[in-house]
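A short worksheet on the structure shown next.
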Amino acid sequence: MTEETRPATLYGIQYLRALAALAVVLFHAGERSGHPLAIGAAGVDVFFVISGFIMWVIVARRPVPPGRFLAERLRRVVPVYWLATGVMVAGALLGLFPNLVLTAPHLLASLFFVPFASPSSGEVWPLLVQGWTLNYELFFYAVFAACLFLPARLRLAAVAAVFLGLVALGLTVASENPLFVTYTRPIILEFVAGMLIGRLWLAGRVRGRGPGLALVVLSLAGFAAIGLLRLPFDEWTCGPLAAMLIYGTAALERAGGVPHLRLPALLGDASYSIYLWHTFAISVVAKAGTMLGLAPALVFIAAVLAGVLAGLAGYGLVERPLLRGFSAKRRPEAVRKAVAAEG
C-alpha cells in the first residue's frame, strides 16, 4: 500500500490498545480478589511500544511544529487525568481512601507529572497510582517534541541516543532520586522500539502475513508462559515481547489481514479511559464482595466487568466530549487558514 491508500485507522493497533488495557484491568482485579495475574502488568510495556509507533506514524503523516505537537498531546492526556486525580482527592477528603495520605507537594507532583515518592507507600507513584506511566509518556512526548526541530532523518537516532544514554547512566550510577530512578529505567527504550517499527512500517519494510502471524503467536505465547509458569519478568523480557507483538500486528495490517471489529475497536478507543478509571470500580466491587462474603472467583469476574464498564462510561461521558470540544474549538481556525490559502 502507498501512503495515499494506507488506511487512517490501524485496527490491529487499536485491538492491541484494548488488549493492553484489559491486561492491566485483569492485573488489578486479580490483586484485589486473590487471583494474582502479575503478567497483566505487561500491558504497560505494550502501551509504551504502541505509543512510540503511533507518535512516529502520526508526525510522519501530518508534520506539526513541536509546540503544536505538545499542545495536542497535553489536550489528549491531561484533562481526563486531572479529573480522575480530583476524584481521588475528593474521595480521600471524604474518608473513602483511609490509607491515602494527602500532601500538597505530592498532589502538585502528581498533577504536573513529576516523579515523587508517595507519602502513603514510599513508592514513586502519583495519587492515582496508575498515573506513573503518564510520567513516562509525558517525558517521551517532551523528548520527541524537541527532536522535531531536527531533520526527519535524524529524529529516531536522536531519541534513541538520548534514551540509551539515560539507561546507560542508570546502569552505572547509583541514586535514589525519584527523577533519576524513573527516567533511567530501561523501560524507556520501549518507546524507541515503537518508533523504529513505525519507521520501518511506513517505509514498507514490515510485511508478510506469515511472519507477522508467527511473531504475534510467539509474543502471546511468551506472555502466556510467563504468566502460567509464574516466571520473573521485567522490561528486559516484556519489552521485546511487546515489540514482537506490535511488529507482527503491523505486518498483518500491511497484508490487509486485520478486519474491522466494532467491539474491540471501541475498547481500543476507550483504552485510556479504561486505564484511568478501572481501579475505582474494582475497589468498590472488591469491598462489596468482602462485605457480602462472595467467592473470590465471582469477585474477580465482577471486578473485571465493572472496571471495563467504568472505563467505557468515562470514555462516553468525559473523554469523548472533551475531545470533541477541543476539535470544535480548533475547527474555525483551520477553516480560516484553508480559506486564506485558497485566496
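Please go through segment 267-291 and pick out each residue that is open to solvent by 40 Å² or more (accessible area, probe 1.4 Å) and either within 16 Å of residue 23 (Cα to Cα) or basic (Lys, Arg) (or both).
Passing the criteria: 269, 287.
Restricting the first residue to segment 254-267 and requiring it to be without any contact (Cβ under 8 Å) to a residue 60 or more places away in the chain, which pairs with a second residue that is open to solvent by less than 80 Å² (accessible area, probe 1.4 Å) and part of a loop (DSSP other than H, G, I, E, B) meet a Cβ separation below 7 Å and a spacing of at least six or different chains?
Between residues of segment 254-267 that are without any contact (Cβ under 8 Å) to a residue 60 or more places away in the chain and residues that are open to solvent by less than 80 Å² (accessible area, probe 1.4 Å) and part of a loop (DSSP other than H, G, I, E, B), the close pairs are 255/208.
Only one of these is closer than 24 Å to residue 189 by Cα, modelled with pLDDT of 95 or more, part of a helix (DSSP H, G or I) and in contact with an Asp or Glu (Cβ under 6 Å, 6 or more places away or on another chain): 69, 48. Name it.
The conditions single out 48.
Does segment 168-177 include one or more residues that are touching a Ser or Thr at 6+ places or on another chain (Cβ under 8 Å), surrounded by 14 or more Cβ atoms within 10 Å (Cβ to Cβ) and free of Cβ contacts under 8 Å to residues at least 60 places away in the same chain?
yes
With the checklist (1) outside any helix (DSSP H, G or I); (2) under 30 Å from residue 206 (Cα atoms); (3) in contact with a Pro (Cβ under 9 Å, 6 or more places away or on another chain) in hand, flag the one item residue 35 doesn't pass.
Condition (2) is where residue 35 drops out.
Out of all the residues in segment 194-203, which are small (Gly, Ala, Ser) and open to solvent by less than 30 Å² (accessible area, probe 1.4 Å)?
The answer is 194, 198.
Answer with yes or no whether residue 232 is without any contact (Cβ under 8 Å) to a residue 12 or more places away in the chain and either in contact with a Gly (Cβ under 9 Å, 6 or more places away or on another chain) or open to solvent by 40 Å² or more (accessible area, probe 1.4 Å) (or both).
Considered against the rule, which asks whether it is without any contact (Cβ under 8 Å) to a residue 12 or more places away in the chain and either in contact with a Gly (Cβ under 9 Å, 6 or more places away or on another chain) or open to solvent by 40 Å² or more (accessible area, probe 1.4 Å) (or both), residue 232 comes out as yes.
Of the residues 216, 206, only one is open to solvent by less than 60 Å² (accessible area, probe 1.4 Å), in contact (Cβ under 8 Å) with a residue 40 or more places away in the chain and β-branched (Val, Ile, Thr); which?
206
Which one is nearest to residue 149 (Cα to Cα), of the residues in segment 45-59 that are surrounded by 23 or more Cβ atoms within 10 Å (Cβ to Cβ) and of a type outside the set (D, E, K, R)?
Only one residue fits best here, namely 56.
Can you pull out every residue in segment 294-317 that is of a type outside the set (A, V, I, L, M, F, W, C) and open to solvent by less than 60 Å² (accessible area, probe 1.4 Å)?
307, 311, 314, 315, 316
Which of the residues that make up segment 90-134 are open to solvent by 30 Å² or more (accessible area, probe 1.4 Å) and in a helix (DSSP H, G or I)?
90, 93, 104, 105, 107, 108, 111, 129, 132
Any idea which of 139, 144 is under 21 Å from residue 275 (Cβ atoms), open to solvent by 40 Å² or more (accessible area, probe 1.4 Å) and in a helix (DSSP H, G or I)?
The unique qualifying residue is 139.
Filter segment 71-89 for residues that are within 14 Å of residue 278 (Cα to Cα) and either of a type in the set (Gly, Ala, Ser) or open to solvent by less than 30 Å² (accessible area, probe 1.4 Å) (or both) and give the result.
Within segment 71-89, 80, 81, 84, 85, 88 meet the criteria.
Filter segment 75-130 down to the residues that are of a type in the set (Gly, Ala, Ser) and touching a Phe, Trp or Tyr at 6+ places or on another chain (Cβ under 6 Å), then identify the one that is farthest from residue 318 (Cα to Cα).
So, considering only residues that are of a type in the set (Gly, Ala, Ser) and touching a Phe, Trp or Tyr at 6+ places or on another chain (Cβ under 6 Å), the one farthest from residue 318 (Cα to Cα) is 118.
Starting from segment 19-46, keep only residues that are farther than 11 Å from residue 238 by Cβ and touching a residue at least 60 places away in the same chain (Cβ under 8 Å), then list their pairs with residues that are of a type outside the set (A, V, I, L, M) and in a loop (DSSP other than H, G, I, E, B) whose Cβ atoms are within a distance under 7 Å, requiring at least 6 positions of separation or different chains.
30/36
If only one of 23, 41 is open to solvent by less than 30 Å² (accessible area, probe 1.4 Å) and hydrophobic (A, V, I, L, M, F, W, C), which one is it?
None of the others qualify; the one that does is 23.
Quick check on my filter: what residues within segment 236-262 are at pLDDT 95 or above and either in contact with a Cys (Cβ under 8 Å, 6 or more places away or on another chain) or open to solvent by 30 Å² or more (accessible area, probe 1.4 Å) (or both)?
236, 237, 240, 244, 247 - these are the residues of segment 236-262 that are at pLDDT 95 or above and either in contact with a Cys (Cβ under 8 Å, 6 or more places away or on another chain) or open to solvent by 30 Å² or more (accessible area, probe 1.4 Å) (or both).
The values are calculated or read from the model by the stated rules, or taken from the named source; none is laboratory data. Given the structure is predicted, the values throughout are model-derived calculations rather than measurements. Virtual Cβ from ideal backbone geometry, glycine too; neighbours counted across all protein chains shown. Accessible surface is based on the protein model in full, side chains and every heavy atom, while ligands, DNA and RNA are left aside. Shrake-Rupley method; radii C 1.70, N 1.55, O 1.52, S 1.80 Å.
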